[in-house]
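Visitor: Before we start, here is the structure in question, set down as structure tokens.
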Amino acid sequence: MGLLIPQASSLVMADHQADATVYHWWVSDGEHASIKVIQQYIEARGMHWQDRAIAGSGTARFGDVLKAAVEAGEPPMASQVIGYDIHYWASRGELVNLDDIAREQEWDEVVPYGIQTLSKYEGHWYAAPINTHSTNWLWLNGDLFRRLGGVAPDTWEDLLSMLEEARKLDIVPLAIGHEAWEHTLLFEAVAAGAGGAEFYRRAFLELDPTALDENLLLAIFQRMSQLREYLDEDFSRITWNQATRLILSGEALLQVQGSWVDGEFSYYGYIPGQDYACFRFPDTQGMFLFNSDQYMLFEQGPGDEEARREFVSTLMDVDLQRDVNVSSGAAPARVDVPGDAFNPCGRQAISDMRSTNMRRTLMGSIAMGNANPPEVKNAIYQVVSDHLYGRIDDEEAVHRLREALMNHSAGR
């Protein structure tokens with residue numbers, strides 16, 4: 001459907017256009033299409049869009065570039081941000097307080113509670129969320145899925161059976177890239193499936209040391225070792241979106257990855273239910289491990305108060321959140337956006353987001369920094385990636401993970 005973009009507001013259509021300088025990390029083909037949607041909405045409000053795209057998915061690579069700009073006295077008006085990085089910038093006093101516009105647009109009523117805990121710092125709004133990606137998805141090549149019987153793997157045993165059958169066809173059973181965040185994304189789905197929602201919340205969100213049962217953690221890493229046997233031997237040399245293209249080409253059966261993969265498929269014209277299939281990772285049905293892309297505004301960045309308000313108001317617009325997430329594959333960050341325009345995977349994501357928000361099983365993704373602060377996330381990254389590469393065995397991984405989580409728990 002076409003974009004129903006509102007006309008420019010008189011707030012910024014004064015004697016000159018306001019500059020909307022924006023940093024973001026949406027650089028893949030599907031992500032580039034999604035950022036264009038935001039750009040069109042912003043320009044329709046009378047602002048001049050100037051962006052800088054830095055690959056990094058909210059990692060230190062992106063953060064280092066942003067910090068350098070801020071320290072040089074040249075912050076953008078706005079920057080994409082995820083998870084606890086919002087709290088880092090807010091604690092430094094660098095961000096514009098968004099309480100007034102949040103109250104005016106009733107963000108407390110429409111944004112899921114789990115996302116609000118990251119958007120707010122010390123009870124105040126400092127970031128505007130634009131989506132609710134979920135990470136506990138299986139993405140399968142449609143033709144290969146049908147060759148293997150066309151039945152969704154509901155349990156761990158179902159998944160292993162499907163991967164084994166794929167190996168017999170001499171295709172890559174499980175595609176993944178080389179970065180630690182991808183390995184941790186796989187780990188969090190395995191952990192949530194093996195331990196359940198209460199375990200995931202207590203162990204990784206609350207950092208409760210009493211939740212770190214050694215036998216359960218060992219079972220999780222044993223499952224990760226089982227999955228290692230189904231990876232492409234070249235996985236250490238590819239990126240997440242290159243792994244996605246292996247699914248598209250039929251060289252690999254499936255990928256465990258966030259809903260941004262749906263945006264990649266859509267960009268290339270692939271049809272869910274025909275060219276590809278989407279299912280929740282086995283035993284995580286009823287859970288929504290989320291990553292929410294948000295935008296924070298810098299106090300010392302360009303733009304006056306009216307332009308900033310217009311920018312944020314536009315990001316939280318129901319129509320923008322519909323259109324950008326039809327493109328991106330995510331659910332909107334608002335629970336009141338109609339799902340009619342979304343494809344079946346998108347409609348499922350919206351339904352899951354709303355139901356898990358009510359049950360409090362909408363929980364932050366470890367891999368994407370929505371579960372815990374950067375120092376905890378990075379400690380988990382190191383253990384999980386070392387284990388997936390086979391540098392440490394299951395028992396050592398359990399020891400190191402428990403040690404890391406308990407050390408950080410003690411520091412709270």
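The values are calculated or read from the model by the stated rules, or taken from the named source; none is laboratory data. Keep in mind that this is a model prediction, so the values were computed, not measured. Please note: Cβ atoms are built from the backbone with ideal geometry, for glycine as well, and neighbour counts cover all protein chains shown. Heavy atoms of the whole protein, side chains included, go into the accessibility calculation; ligands, DNA and RNA do not. Shrake-Rupley method; radii C 1.70, N 1.55, O 1.52, S 1.80 Å.
Visitor: Please list, ordered by chain and number, the residues whose modelled amide H lies under 5 Å from the amide H of Tyr121; skip anything fewer than 5 residues away on the same chain.
Guide: Placed amide hydrogens put Tyr126 under 5 Å from Tyr121.
Visitor: Looking at the calculated P(r) for segment 174-333, what percent of the C-alpha pair distances fall above 23 Å?
Guide: 52 percent
Visitor: What's the extension gain from Ala53 to Lys36 if we count 0.36 nm per residue and subtract their Cα-Cα distance?
Guide: Working it through step by step, the gained length comes to 4.9 nm.
Visitor: Note the full-extension length gain between Ile271 and Ala68 as 0.36 nm times their separation in residues minus their Cα-Cα distance, in nm to one decimal.
Guide: Roughly 68.9 nm would be gained on extension.
Visitor: Check every DSSP H run in the chain and write down those whose alpha carbon atoms cover 20 angstrom or more along the long axis and whose mean Kyte-Doolittle hydropathy is 1.0 or greater.
Guide: Within the chain not a single helix satisfies the rule.
Visitor: Kindly report the accessible area of the chain per residue (heavy atoms of protein chains, probe 1.4 Å, no ligands, DNA or RNA), in Å².
Guide: Using a 1.4 Å probe on heavy atoms only, each residue of the chain averages 39 Å².
Visitor: How large a share of the accessible area of segment 158-274, in percent, is made up of carbon and sulfur atoms when the probe is 1.4 Å and the other protein chains stay in place?
Guide: Taking all protein chains in place, segment 158-274 shows 44 percent carbon and sulfur surface.
Visitor: Now a separate question. Using only the alpha carbons, work out the radius of gyration and Dmax of segment 64-128 in angstrom.
Guide: 12.4, 38
Visitor: Next question. Averaging the inverse of every distinct alpha carbon separation and then flipping it gives the Kirkwood radius. What is it for segment 329-369, in angstrom units?
Guide: Every distinct Cα pair counted, the radius reaches 10.9 Å.
Visitor: Rounded to the nearest 500, what is the 222 nm mean residue ellipticity of the chain from helices alone, with -39500 (n - 2.57) per DSSP H run of 4+ residues and division by all residues?
Guide: -14500 deg cm²/dmol
Visitor: Can you tell me the length gained on complete extension of the stretch Arg103 to Arg228, counting 0.36 nm per residue apart and subtracting the Cα distance?
Guide: Extra length available between Arg103 and Arg228 comes to 40.2 nm.
Visitor: Please work out, to two decimal places, the log10 of the ratio I(q)/I(0) at q = 0.13 Å⁻¹ from a Debye calculation in which every Cα of segment 162-255 carries one identical scatterer.
Guide: -0.51
Visitor: Where does the Debye-calculated log10 I(q)/I(0) of segment 261-412 sit at q = 0.11, 0.12, 0.22 Å⁻¹, using only Cα point scatterers of equal weight, no solvent?
Guide: -0.63, -0.74, -1.30
Visitor: Related question: Rg/Rh for the chain to two decimals, with Rh computed the Kirkwood way over all alpha-carbon pairs.
Guide: 0.96
Visitor: Give the span of segment 303-374's Cα atoms along each principal axis, as three whole-Å numbers ordered largest to smallest.
Guide: Taking max minus min along each principal axis of the Cα atoms, segment 303-374 gives 39, 36, 21 Å.
Visitor: Using the crude model of +1 on Lys and Arg Cβ and -1 on Asp and Glu Cβ, and no other charge, please compute the dipole size for segment 55-167 relative to its Cα centre, in debye to 20.
Guide: Roughly 360 debye, rounded to the nearest 20.
Visitor: In addition: In nm, to one decimal, how far is the modelled label at Asp393 from the one at Val318, with both set 7 Å along Cα→Cβ?
Guide: A separation of 5.9 nm, rounded to one decimal place.
Visitor: Taking the Cβ-Cβ separation of Thr239 and Arg359 as r and a Förster radius of 25 Å, what is the calculated FRET efficiency to the nearest 0.05?
Guide: Efficiency, from the Cβ-Cβ distance: 0.15.
Visitor: Determine by what factor the alpha-carbon radius of gyration of segment 275-341 differs from 2.2 N^0.38 Å, reporting the quotient.
Guide: Cα Rg divided by the expected 2.2 N^0.38 Å: 1.47.
Visitor: Turning to a different aspect of this structure: Of the residues Arg354, Arg402, Arg237, which exhibits the maximal mean-square fluctuation in a Gaussian network model of the chain defined by a 10 Å Cα contact cut-off?
Guide: Of Arg354, Arg402, Arg237, the Gaussian network model singles out Arg237 as fluctuating most.
Visitor: Continuing with the same structure: At 7 Å along the Cα-to-beta-carbon direction for both Glu165 and Arg347, put a label point, then send me their distance in nm to one decimal.
Guide: About 2.7 nm separates the two model spin labels.
Visitor: From largest to smallest, what semi-axes in whole angstrom does segment 34-192 give when each is the square root of 5 times an eigenvalue of its alpha carbon gyration tensor?
Guide: The equivalent ellipsoid of segment 34-192 has semi-axes of 39, 19, 17 Å.
Visitor: Return the long-range amide H neighbours of Leu95 (sequence gap of 5 or more, or a different chain), with a cut-off of under 5 Å between placed amide H atoms.
Guide: Glu299
Visitor: Moving on. Give the dimensionless ratio obtained when the Cα radius of gyration of segment 205-262 is divided by 2.2 N^0.38 Å.
Guide: So the Cα radius of gyration is 1.50 times the expected 2.2 N^0.38 Å.
Visitor: Over segment 325-412, consider all pairs of different Cα atoms and compute the Kirkwood hydrodynamic radius from their mean reciprocal separation; express it in Å, one decimal.
Guide: 15.5 Å
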